[in-house]
Amino acid sequence: MYSHPGNRPRFLNIREFRFPLNALLSGAHRITGIALVLSLIAYLAIGNLLLFSSAITLELVSNCWLTKLLHTGFWIALSYHWLSGLRHLLAEHFLQPEVYQLINSRPVSYLLLSTWLIAILSILYQVWF
């Protein structure tokens, strides 16, 4: 019977697999890109309703909770996508290993998340209050 050399697992348990923080941030960047496209479609649908339906007015749409929810999701996704995209661009621009490692370090990742949290709180205040 064949024995696999080394300690590498042959069968991965998906429930126990943990992605590194940078992989999670990169995946979230892609997810927010999809959210931005979906919110663009929703904004186009609202624009279509405003243009072609006389019963729907801009005041009615702007005071609706669904529109506020759309605004909140759009700005939260855009803020994260922009911050993460800036981090990606900086990491690709600096080819020196020291600077690249600094940009992809854990403290910079937490700084990105902290800045995003502050942006989320500001967005929630601006849209809902």
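The values are calculated or read from the model by the stated rules, or taken from the named source; none is laboratory data. The shown structure was predicted, so the numbers you read here are calculated from the model rather than taken from an experiment. For neighbour counting, all protein chains shown are included, and Cβ atoms are generated from backbone atoms with ideal geometry for every residue, glycine included.
Just to be sure before I move on: is Val127 more than 23 Å from Ser26 (Cα to Cα) and either surrounded by 15 or more Cβ atoms within 10 Å (Cβ to Cβ) or modelled with pLDDT of 95 or more (or both) in the structure I sent? Considered against the rule, which asks whether it is more than 23 Å from Ser26 (Cα to Cα) and either surrounded by 15 or more Cβ atoms within 10 Å (Cβ to Cβ) or modelled with pLDDT of 95 or more (or both), Val127 comes out as yes. All conditions in (1) part of a loop (DSSP other than H, G, I, E, B); (2) at pLDDT 95 or above; (3) of a type in the set (Ser, Thr, Tyr) hold for Tyr2, with the sole exception of (2).
Taking only pairs six or more apart or across chains, which ones have beta-carbon atoms under 8 Å, a first residue in segment 17-43 that is closer than 24 Å to Thr72 by Cβ and in contact (Cβ under 8 Å) with a residue 60 or more places away in the chain, and a second residue that is in a helix (DSSP H, G or I) and small (Gly, Ala, Ser)? Within 8 Å, the pairs are Leu25/Ser84; Leu25/Ser109; Ser26/Ser84. The residues of segment 64-75 that are within 19 Å of Ile120 (Cβ to Cβ) and free of Cβ contacts under 8 Å to residues at least 12 places away in the same chain, listed by number, are Trp65, Leu69.
The requirement of being of a type in the set (S, T, N, Q) and at pLDDT 90 or above is fulfilled somewhere in segment 64-78, by at least one residue.
Selection of segment 76-129 for residues being in contact (Cβ under 8 Å) with a residue 24 or more places away in the chain and not in a helix (DSSP H, G or I) yields only Asn104.
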